[in-house]
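Below is one structure, written out as structure tokens; the observations come after it.
Where a number appears in this text, it was derived from the coordinates with a stated rule and is not lab data. Owing to the predicted nature of the structure, the values given are computational and were not obtained by experimental measurement. Note that each Cβ is placed from the backbone with ideal geometry, even for glycine, and that neighbours are counted across all protein chains shown.
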Amino acid sequence: MKINLLRHAPLSFLFAVLLIVTSCRSHRELMYYRDSNGHERILGTAKPTTIYKIHKKDNLYISIISANPDLNRVYNPVQAGASINQNNLFENQATQFINGYQVNTDGNIELPILGKIFVEGKSIAECEKEIQKESLNFLKDATVKVKLLSFRVTVLGEVKLPGVYYNYNDSFSITDAIAMANGNTEFADLSQVVVVRPTESGSQIYTINLNNKAALSSEVYYLQPNDQVIIQPANNKYQQVSFTTAALILSTITSVFLVLEYIKH
């Protein structure tokens, strides 16, 4: 029996057109703040996060610099210029965890010489002032710096590099987190981005629409430690996968027909 490929051509063409139409997305669906005209001032933009209050198990970087060189060596081995290994004290999360000061279950940190200091519920600025006050019992004109080492967020879903990311700046937005994850994929639904925020009474779930400029005013636009950002897949993701599979099958069948036609000739 002779196989007439021309007879199957219209069907193959229609299937290819259907595949293209149903699997493609509008570029507008992947645009951030697409309702902005690009020349406007947005009023009511969210401030860089609610002031974070220190929790139990937080890990803190603490630096105390004074006229006392012995104390400087205790708190600032890098500045003191000790060994090369000490220059790596805060190089990665593992060494940060070991060399930082963790808030214990009583809400205290325990510092060399200064002893226990209660910091739970305080902001980073308030923690600095509290340590500064305690240091005056032993030192004169000490300068205290405190940073949160355990500011991490988890980014999941339709991003190119899902994972846990750490922030060491004063503010960290949801777009910063997506950028650290190498951006969103072509299947991302930016209109339904989920942020899961842990609270003392349980986890709070928010939805933010990054297609809309109103996202800049959202209470979760700026992230807090331990937030989870989940980029949901668009509705057409699995449709496209199905049609791609169907196209592969059709291509295979067409190839078989071509081989059979060649053999018959």
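Kindly identify the stretch 175-233 as rounded, prolate or oblate by the Cα gyration tensor criterion: order the square roots of the eigenvalues as a ≥ b ≥ c, call it rounded if a/c is under 1.5, otherwise compare a/b with b/c, prolate if a/b is larger, else oblate.
prolate
Among Lys116/Lys145; Lys53/Lys213; Lys56/Lys213; Lys116/Lys147; Lys53/Lys140; Lys57/Lys213, which pairs are too far apart, with a Cα-Cα distance over 24 Å?
With Cα atoms farther than 24 Å apart: Lys53/Lys213; Lys56/Lys213; Lys53/Lys140; Lys57/Lys213.
Taking the number of other C-beta atoms within 10 Å as the exposure measure, put Phe151, Phe138 in order starting with the fewest.
By the 10 Å Cβ count, ascending, the order reads Phe138, Phe151.
Just to confirm a number: summing +1 for Lys and Arg and -1 for Asp and Glu over residues other than Lys147 whose beta-carbon lies under 12 angstrom from that of Lys147, what do you get?
Local charge sum for Lys147: -2.
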